[in-house]
Amino acid sequence: MSPTAPAPRRPRPGLHRRSRTLTALTALAATLAVAGCGADVTSGAEEEKRVTVKRCGEPVPYTVPRRAVAYEGGSADKLFSLGLTDHVLGYVMPPANPSVRTSPWAKEYAKVRKLSDDLLNKEVVVSHRADLVVAGWNSGFSDQRGITPAILDKLGIQSFLHTESCFNYPGHPERATPFKALYTDLERLGRIFRVEKRADEVVAGLKRRVAAVERETARAGGEPLPVFLYDSGTDQPFTAGNQVPPHDIIRSAGGRNVFADLDARWTQVGWEAVTRSAPEVIIILDYGDQPASEKIEFLRTSPRTRALPAVRKNQFFVLHYNEGISGPRNVDGLEKFAAYLTSLRR
């Protein structure tokens, strides 16, 4: 029986807590020209030509952004991986995100501005005259906090939604497996910024790495180990359904997500369902503001979880926050987790 998913009690990837009220709105200023380096991006009059790219299931015309704002590491990583640093004004990074110094693109983060350590809100976007906001639905954009693509459209500010989050986007839903969604985002951003060649190269590289892991998994054979992802929660745990990257990480690495039947993103389940699933491995999602060590200690001491096979065997795998939310680092997480599962089978 599939558990239900009531409203979250603390922020998750895709589920957040606080809001700010916009005190003043200003008209969006004309986009500013900046010196170009990194990926080749069309300049001059060509920039004003619009290209139509899907935003979830909605065709949207875009001009080349020059002052993009990225929400969370996954958004920024996608832009940096395409060589678009000079087109990124800055990023918004709430406390759940680990330090950007741990990123493969740490040098790129250092070249742009940290605009806020709060949740994404309309005030920060408008006050910094952004011309593109990259975020997910309910993991950045939010009806409750008054910052949605529709609202930004009215302000003349372009927006881009992660395909992984389009699963339940109102009016224009779009479904893709999590890795496919990552590739789609990179390809769409490549079109928006007119760096299609660079995007094709990045996507091809990620696909090669995933395929290499899957070949090794197939060669190893054997029954997939049951894997439970523990995001957080004590009364009821939050975990990964089949619409978020850890599901594909587990599957491609040769495991079986014990909640693969949940047609959801990050969702709440019951401890009884976890017990019935008898996970042999537990993935711990490591937040910046809630260390993995604390979660592991809870699982080891709680009467509800201390008898789980994974806990008794001390089979925990720590997944970096930005390897678990949609972004190029998903493949880093896959490679590491596949190596961990291989070590258990020896």
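Values in this text are rule-based calculations from the coordinates and carry no lab data. Predicted, not measured: the structure shown is a model, and the values here were computed from it. Neighbour counts run over all protein chains shown; Cβ positions are idealised from the backbone, glycine included.
Before moving on, here are some points about what is shown:
- Binned Cα-Cα distances of the chain, short to long, each 20 Å bin given as a whole percent: 31, 56, 12, 0
- Cross-link partners of residue 49 among lysines, defined as those whose alpha carbon lies under 19 angstrom from its own and excluding same-chain residues fewer than eight positions apart: 197.
- Flagged links, alpha-carbon separation over 32 Å, of 54/295; 78/295; 111/295: 54/295; 111/295
- Neighbour net charge for residue 311 - beta-carbon separation under 14 angstrom, K R +1, D E -1: +4
- Histogram of C-alpha separations across region 81-130, 10 Å bin width, %: 23, 53, 24
- Potential extension, residue 106-residue 127 segment - 0.36 nm per residue separation minus Cα distance: 5.0 nm
- Relative to the dominant Cα principal axis of the chain, helix 196-220 is inclined by about 10°.
- Its Cα centre serving as origin, region 178-285 has a Cβ charge dipole (Lys and Arg +1, Asp and Glu -1) of approximately 600 debye.
- Local electrostatic count, residue 107, Cβ distance below 14 Å [Lys/Arg +1, Asp/Glu -1]: -1
- Here r is the Cβ-Cβ distance between residue 342 and residue 263 and R0 is 35 Å; the resulting FRET efficiency, rounded to 0.05, is 0.75.
- Within the listed set 279, 178, 246, the residue fluctuating most in the Gaussian network model of the chain (springs between alpha-carbon atoms under 10 angstrom) is 279.
- Pairwise label distance in nanometres, residue 307 with residue 219, each label 7 Å out on the Cα-Cβ vector: 4.1
- Alpha-carbon spread of region 222-345, three principal axes, descending order, Å: 36, 33, 28
- Other residues lying with their Cβ under 12 Å from the Cβ of residue 89 contribute a combined charge of +4, Lys and Arg counting +1, Asp and Glu -1.
- Farthest toward positive dipole pole in region 243-295 [+1 Lys/Arg, -1 Asp/Glu at C-beta], among 253, 269, 284: 253
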